[in-house]
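Quick notes on the structure that follows.
The values are calculated or read from the model by the stated rules, or taken from the named source; none is laboratory data. What you see is a predicted model; the values in this text were computed from it and never measured. Glycine also receives a Cβ, built like all others from the backbone with ideal geometry; neighbour counts cover every protein chain displayed. To get the accessible areas, we keep the full protein, side chains included, count just its heavy atoms, and leave off ligands, DNA and RNA. Shrake-Rupley method; radii C 1.70, N 1.55, O 1.52, S 1.80 Å.
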Amino acid sequence: QVQLVESGGGSVQAGGSLTLSCVPSRKQCMGWFRQVPGKERERVATIDGFGTNYADSVKGRFTISKDNAKLYLQMNSLKPEDTAIYYCAARRYIACSRRLEDFDDWGQGTQVTVSS
């Protein structure tokens, strides 16, 4: 099991932007998830050998990408409802899954707070 490390979280006003990073990015399937206290962790975006996939709530605003060093999540037009702890995750297989339990490695999370 690999420990992933996220960075880039912070506080921003609605309409602003943030970029999250995660290392390492060696596995072909990787993704970003988020969780609000008291709610279930939800999928935000994934990237694998077949392409990218986004939750409907972030389509057109967030972009997931990956290079040999890092996994990224570019977040634009942020809304207060995007406030959450964001987690990086990786899966050993070439194709991603939408299920949290299919991911093998997780980070500790980074807080994103969007104020109105």
25 Å Cα-Cα reach of residue 39 towards lysines, excluding residues that sit fewer than 8 places from it in its own chain: 59, 79
Give the long-range amide H neighbours of residue 78: residues separated by 5 or more places, or on another chain, with amide H under 5 Å away, using H modelled in the peptide plane at 1.01 Å from N. 15, 16
What's the extension gain from residue 23 to residue 67 if we count 0.36 nm per residue and subtract their Cα-Cα distance? 14.8 nm
Residue list for segment 12-36, given a label point 7 angstrom along the Cα-to-Cβ vector of residue 74 and an amide N cut-off under 16 Å: 16-22
Given the protein chains as shown and a 1.4 Å probe, how many square angstrom of residue 43 are accessible, to the nearest 10? 40
Taking a label point 7 Å from the Cα of residue 40 along Cα-to-Cβ, the residues of segment 71-110 whose backbone nitrogen sits under 11 Å from it are 99-101
Segment 23-116, relative contact order [Cα under 8 Å, separation at least 6], %: 33
Could you tell me how many cubic angstrom of Cα convex hull volume the chain has per residue? 91
Report residue 62's accessible area, 1.4 Å probe, all protein chains in place, as a number in Å² to the nearest 10. 10
